[in-house]
Amino acid sequence: MTKPSVIIKKYSDRRLYDAGASRYVKLEDIAAMVREGIDVQVLDARTGKDLTRVILAQIVMEEARERETALPLQLLRQLVQATDKATHDFLSWYLNNTFELYQKAQASVRTRFTEAQSAVFSPLTFVRGLMRGQPLAAAAETSETEQLRRRVAELEGRLAKAEKPRGTKGRKQKRAG
């Protein structure tokens, strides 16, 4: 699935305009879009030059003023020192990979949290699954799996009953023929 994308036009009076939504936006709006996974591109309205990096850096700096959770000072120093292309490319690669790992770890924590919640809401099913040697996720899903198995068995039984009369005639005819 592709990420949704939004084009923002920046005018000389520093106003930002979301062309798709036909409305003016603030830096906070752009930050919220990026956090939601929307691919935001900011273009100079007059020249068409891509200003996305500048606007995202501006968002980071504005948030650094407002909160104590800004980027670490040592990292900022290293970014300023990274003037040659090789250092810049390495830092970009490193940061991208680090954030990717962080997002995977967050997803794993969310999964484990969901498993823990299901264990709380259905402790007997959870314990039964653990006693069978199933991992946490499988133990949490056991009750749903059991329900599906019962339903499939029930449907197979109905199907077998519905086919018996026709199936019996067909077998006798084949043997006779």
Report task. Scan the stretch 63-88 for residues that are acidic (Asp, Glu) and under 26 Å from the mean Cα position of the chain (by Cα) and jot them down. Result -> 63
Query raised in the report: Given the conditions (1) more than 25 Å from residue 57 (Cβ to Cβ); (2) at pLDDT 80 or above, and given that residue 124 satisfies all but one, which numbered condition is not satisfied?
Result: (2)
Query raised in the report: Looking at (1) over 26 Å from residue 71 (Cα atoms); (2) out of contact with any strand residue (DSSP E or B) (no Cβ under 7 Å at 6 or more places or on another chain); (3) not in a loop (DSSP other than H, G, I, E, B), which is the only condition residue 9 fails?
Result: (2)
Query raised in the report: Any idea how many residues of the stretch 72-86 are among the hydrophobic types (A, V, I, L, M, F, W, C) and surrounded by 10 or more Cβ atoms within 10 Å (Cβ to Cβ)?
Result: 4
Report task. Any residue in the stretch 33-45 that's in contact (Cβ under 8 Å) with a residue 24 or more places away in the chain: show its pairings with residues that are among the aromatic types (Phe, Trp, Tyr) at Cβ separation under 6 Å, as long as the two are six or more apart or on different chains. Result -> 45/11
Report task. Answer yes or no: is there a residue in the stretch 48-65 that is surrounded by fewer than 10 Cβ atoms within 10 Å (Cβ to Cβ), among the basic types (Lys, Arg), within 30 Å of residue 11 (Cβ to Cβ) and at pLDDT below 75. Result -> no
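The values are calculated or read from the model by the stated rules, or taken from the named source; none is laboratory data. Since the model is a prediction, treat every value here as computed from it, not as a measurement. Positions of Cβ are backbone-derived with ideal geometry, glycine not excepted, and every protein chain shown enters the neighbour counts.
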